[in-house]
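The values are calculated or read from the model by the stated rules, or taken from the named source; none is laboratory data. This one's a predicted model, so the numbers in the text were calculated from it and none came from an experiment. Positions of Cβ are generated from backbone atoms using ideal geometry, with glycine treated the same way; all protein chains shown enter the neighbour counts. To get the accessible areas, we keep the full protein, side chains included, count just its heavy atoms, and leave off ligands, DNA and RNA. Shrake-Rupley method; radii C 1.70, N 1.55, O 1.52, S 1.80 Å.
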Amino acid sequence: MTEVDKHGSRPQNLGAFEREPEKQDEEKPKQGMIARYCSLIFGGTKSLLTGMKVTIFTFLNPKSTVTQQYPENKDTLEMKERFRGQVIMPHNEDGEHNCTACTLCEKACPNGSINVLPTKNIAGKKILGKYIYRLDTCTICALCVEACPFDAIRMGQDFELATLNKDSLELVLNKKEGRWKS
Amino acid sequence: MSFFGTIWDGVGEMFDAIFNGDWSKENQIGATVRGWCGENETLADWINAGISLATLAAIASLSAMVLVYFERKVSGHMQRRLGPMRTGPHGIFQTLADGIKLFFKEGFRPKSADFFTYYLAPFIPMMGSFMILAVIPFDQHLQVANPELGIIYVAAVAGLAGFGLIIGAWGSNNKYSLLSGMRSGAQMISYEVSLLLAILLIVLVSGHTNLQEIIKTQEGGIFNWWIFKLPVLGLISFVFFIITTNAELNRTPFDLSEAESELGAGFHTEYSGICFSMFFLAEYVNMLIAASLATTLFLGGWHAPHPGLDYPGLGWLWFGAKTSCIIFLYFWFRWTFPRLRIDQMMDFEWRFLLPASMVSLLLAGVFMSMGWYIGD
Ligand code: SF4
Ligand code: SF4
């Protein structure tokens, strides 16, 4: 898994947004006024034409459209990897998860949407009892996912979260107590 | 019953004349009306004027509607969106629905706005557009009026649109609006200079100010259009013309007077409902007018690209096709270029465009006197 899909969409993880270090100590050859004037005009024209090339390309390629006709294409809806839905806790085949009940995510959450309720196993070791996640106050900011050192929670892709019953927004994310490799 | 029968016969006669008449000599609609009225020429003039006005109104409102739809579609596809999709198949009724909505919206006037100027302003750009539409030569005989000083008249009336914006902005008593009005005033005055120089160039090389005569100097195929007839210089002044009309139309990259992110909505911040839609309509009709003028002056008007394709009575098809291409160009510019800053805009006009158009005007004189142009 790359950095990007772990944290959802985070601009500082996308290399394209990184600024190149500014070049210093590189003196441009001195131009005369007329040469500068001409280079301004021709450079400007060229950059305008470059922009026009991009827009005409997207115009002539309707396939590049990213808009989804949502309710109609419900069956073939294509989700992008960067999309952030509600917080989920991935489980393996045996129904076990990765959480150690360290409560870092609880501390990271600005809205107090997470409550990690630890418990103790027979050996007296701290394990996760209940992972309570309140969807109604969550702002889908992914700070909890970033804070988790064990990669136990992620942003899901589900977005049809409307419900008529407010109580159903308080979720328990873990299926059973403990962790798959304790 | 017989009365309606007569009218029906008359309409049939008119259609017969329109489709089978000899359009190369005169406008068949006007001729038929004159035929009906016989001696009574005043009546014929009044009926013809009524028909022309109705046609202009239809052209203005229909073209604005169609242009708004296409603008939204084109902008959508240029930005990897789809544009309107829901109202009708591919959203073709979207602008109709918008128009109906605007029509029934409350026209709200701020308490401190000046009553007279506030309500006068939306009509001025619209009036200017109608006055110019009347002289646009859609075809050899499809033109409401053909004044001898056609192009001078157009240049004079074109200033009205800016006037409307300024007094609307002032009358609505809002500082954003006022700023926008001042900006648009400065912009219009500056770019009008270069626009007139580009027009003057065509007047100089064609030797006419009458729009029909200008078109007639471009007869005989694509290389006789002024854009190609004057080697290189024609193309350059065409580009200048497009840039300056873009500025006159207040469209991006010169949409400083609307500048949503800086001024709210600029001069129409305080307008709603039908008053707003008047501004909006005028904007799009003005775009049609600018494209028609570009077609008339540079692209041979209603002449076909090849003389063999020139059928009398079908020139408006060629005219429409060329105008649509120019309008697409405006769309393309608007959805590609970022907005200029006010000082950059002024800089561009006074330090580049104005000297350059003066030099090109001078060069055009040289070209003409040396005979450096295609054709005779
Ligand atoms: S996504 Fe943000 S608001 Fe939601 S639980 Fe995580 S940290 Fe809290
Ligand atoms: S989800 Fe991660 S951060 Fe939160 S308690 Fe579990 S292991 Fe710790």
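Calculate what fraction, in whole %, of the accessible area of segment B:226-376 sits on carbon and sulfur atoms when a 1.4 Å probe is rolled over the protein chains.
Details: 4380 of 5980 Å².
Carbon-and-sulfur percentage of accessible area, whole number: 73.
Can you list residues from other chains, or at least 5 along the same chain, whose modelled amide H is less than 5 Å from the amide H of B:Leu149?
The list, which skips near neighbours in sequence, is empty: none.
With r as the distance between the Cβ atoms of A:Lys130 and B:Ile59 and R0 = 56 Å, compute the FRET efficiency 1/(1 + (r/R0)^6) and round to 0.05.
Values: r = 71 Å, r/R0 = 1.26.
With a Förster radius of 56 Å, E is 0.20.
Picking from B:Leu309, B:Ile132, B:Gln187, whose Cα lies most toward the positive end of the charge dipole for chain B (charges on Cβ: Lys, Arg +1; Asp, Glu -1)?
Projecting each Cα onto the dipole axis, the largest value belongs to B:Gln187.
Could you please put B:Met126, B:Met85 in sequence from largest to smallest accessible area, using a 1.4 Å probe? Before the final figure, lay out each step's value.
Values: B:Met126 15, B:Met85 50 Å².
Ranked list, largest accessible area first: B:Met85, B:Met126.
With runs of 4+ DSSP H residues as the only contributors, calculate the mean residue ellipticity of the protein assembly as shown at 222 nm using -39,500 (n - 2.57) per run, divided by the residue total and rounded to the nearest 500. If you can, show how the numbers build up before the last one.
On the way: 20 runs with 291 residues, N = 558.
Helix contribution divided over all residues of the protein assembly as shown: -17000 deg cm²/dmol.
Among B:Phe115, B:Ile92, A:Leu128, pick out the residue whose Cα is farthest towards the positive end of the charge dipole of the protein assembly as shown, where Lys and Arg carry +1 and Asp and Glu carry -1 on C-beta, about the Cα centre.
A:Leu128
What does the structure give for A:42-51 when I average, per residue, the other chain Cβ atoms found within 10 Å of the residue Cβ?
Values: counts 0, 0, 2, 1, 0, 1, 4, 1, 1, 6.
So the per-residue partner count for this stretch is 2.
Sort B:Met287, B:Met182 from largest to smallest accessible area, using a 1.4 Å probe on the heavy atoms of the protein chains. Don't skip to the answer; put the middle values down first.
On the way: B:Met287 0, B:Met182 105 Å².
The residues order as B:Met182, B:Met287, largest area first.
Using only the Cα atoms of chain B, build the gyration tensor, take square roots of its eigenvalues as a ≥ b ≥ c, and label the shape rounded, prolate or oblate: rounded if a/c is under 1.5, else prolate if a/b is larger than b/c, else oblate. The partial results should precede the final answer.
On the way: a/c = 1.71, a/b = 1.11, b/c = 1.54.
Oblate shape, in that a/c is at least 1.5 and b/c is the bigger or equal ratio.
Roughly speaking, to the nearest percent, how much of segment A:87-172's 1.4 Å accessible area is carbon and sulfur? Walk me through the numbers on the way to the answer.
On the way: 2600 of 4780 Å².
Answer for segment A:87-172 is 54 percent, counting heavy atoms of protein chains only.
Need one number: nm distance between label points at B:Val232 and A:Glu160, each 7 Å from Cα along Cα→Cβ, rounded to one decimal.
So the label points at B:Val232 and A:Glu160 sit 6.4 nm apart.
Given a 1.4 Å probe and no ligands, DNA or RNA in the count, how much accessible surface is buried by B and A, both sides, to the nearest 100 Å²? Present the calculation step by step, with values, prior to reporting the outcome.
Working: alone 18720 and 13920 Å², together 31040 Å².
Interface between B and A: roughly 1600 Å².
Describe numerically, in nm with one decimal, the distance between label points set 7 Å from Cα along Cα→Cβ at B:Asp114 and at A:Gln69.
5.1 nm
What accessible area per residue comes out for the protein assembly as shown, rounded to a whole number of Å², with a 1.4 Å probe? Let's see the in-between values first.
Details: 31040 Å² over 558 residues.
So the protein assembly as shown comes to 56 Å² accessible per residue, rounded to a whole number.
Roughly how big is segment A:87-172's charge dipole about its Cα centre, with Cβ charges of +1 (Lys, Arg) and -1 (Asp, Glu), in debye to the nearest 20?
Details: 8 positive and 11 negative charges, 97 e Å.
The calculation lands at about 460 debye.
Looking at this model, which pairs from A:Lys74/B:Lys105; B:Lys25/B:Lys216; A:Lys63/B:Lys322; B:Lys73/B:Lys322 are more than 24 angstrom apart at the alpha-carbon? Display every interim value, and only then the final one.
Working: A:Lys74/B:Lys105 35 Å; B:Lys25/B:Lys216 15 Å; A:Lys63/B:Lys322 28 Å; B:Lys73/B:Lys322 20 Å.
Violating the 24 Å Cα-Cα cut-off are A:Lys74/B:Lys105; A:Lys63/B:Lys322.
Ranked highest first by the average count of other Cβ atoms within 10 Å around their residues, in what order do B:135-142, B:173-180 fall?
By packing density, highest mean first, the sequence is B:135-142, B:173-180.
Based on the Cβ-Cβ distance of B:Asp16 and B:Leu329, what FRET efficiency does E = 1/(1 + (r/R0)^6) give at R0 = 51 Å, to the nearest 0.05? The partial results should precede the final answer.
Working: r = 39 Å, r/R0 = 0.76.
Given R0 = 51 Å and the Cβ-Cβ separation, E is 0.85.
Anything losing 30 Å² or more of accessible area from the isolated chain to the full protein assembly: pick those residues out of segment B:329-352, probe 1.4 Å, ligands and DNA/RNA ignored.
Those residues are B:Trp332, B:Thr336, B:Phe337, B:Phe352.
Among B:188-200, B:62-74, A:51-63, B:353-365, what's the highest-first ranking by average C-beta atoms within 10 angstrom per residue?
B:188-200, B:62-74, B:353-365, A:51-63
I'd like the residues of segment B:63-84 whose 1.4 Å-probe accessible area shrinks by no less than 10 Å² going from the isolated chain to the full set of protein chains.
At a threshold of 10 Å² (probe 1.4 Å), the residues of segment B:63-84 that become less exposed are B:Val74, B:His77, B:Met78, B:Arg80, B:Arg81, B:Leu82.
FRET efficiency for B:Lys175 and B:Ala145, Cβ-Cβ distance as r, R0 = 56 Å, nearest 0.05?
Efficiency computed from Cβ-Cβ geometry: 0.85.
Roughly how many debye, to the nearest 20, is the charge dipole of the protein assembly as shown about its Cα centre, given +1 on each Lys and Arg Cβ, -1 on each Asp and Glu Cβ, and no other charges? Intermediate values should be presented prior to the final figure.
On the way: 47 positive and 53 negative charges, 490 e Å.
Value, rounded to 20: 2360 debye.
Which helices count as membrane-span-like in chain B under these terms: full DSSP H, at least 20 Å along the axis by C-alpha, Kyte-Doolittle mean of 0.5 or more? Please list the in-between numbers first.
Details: long enough: B:2-20 (26 Å, 0.55); B:41-78 (53 Å, 0.82); B:150-171 (32 Å, 1.87); B:175-206 (46 Å, 1.26); B:233-248 (22 Å, 1.62); B:273-298 (38 Å, 1.59); B:315-334 (29 Å, 0.87); B:354-370 (24 Å, 1.84).
The answer, listed by residue number, is B:2-20, B:41-78, B:150-171, B:175-206, B:233-248, B:273-298, B:315-334, B:354-370.
If each of B:Ala265 and A:Ile122 carries a label point 7 Å out from its Cα toward its Cβ, how far apart are those two points in nm?
About 7.2 nm, to one decimal.
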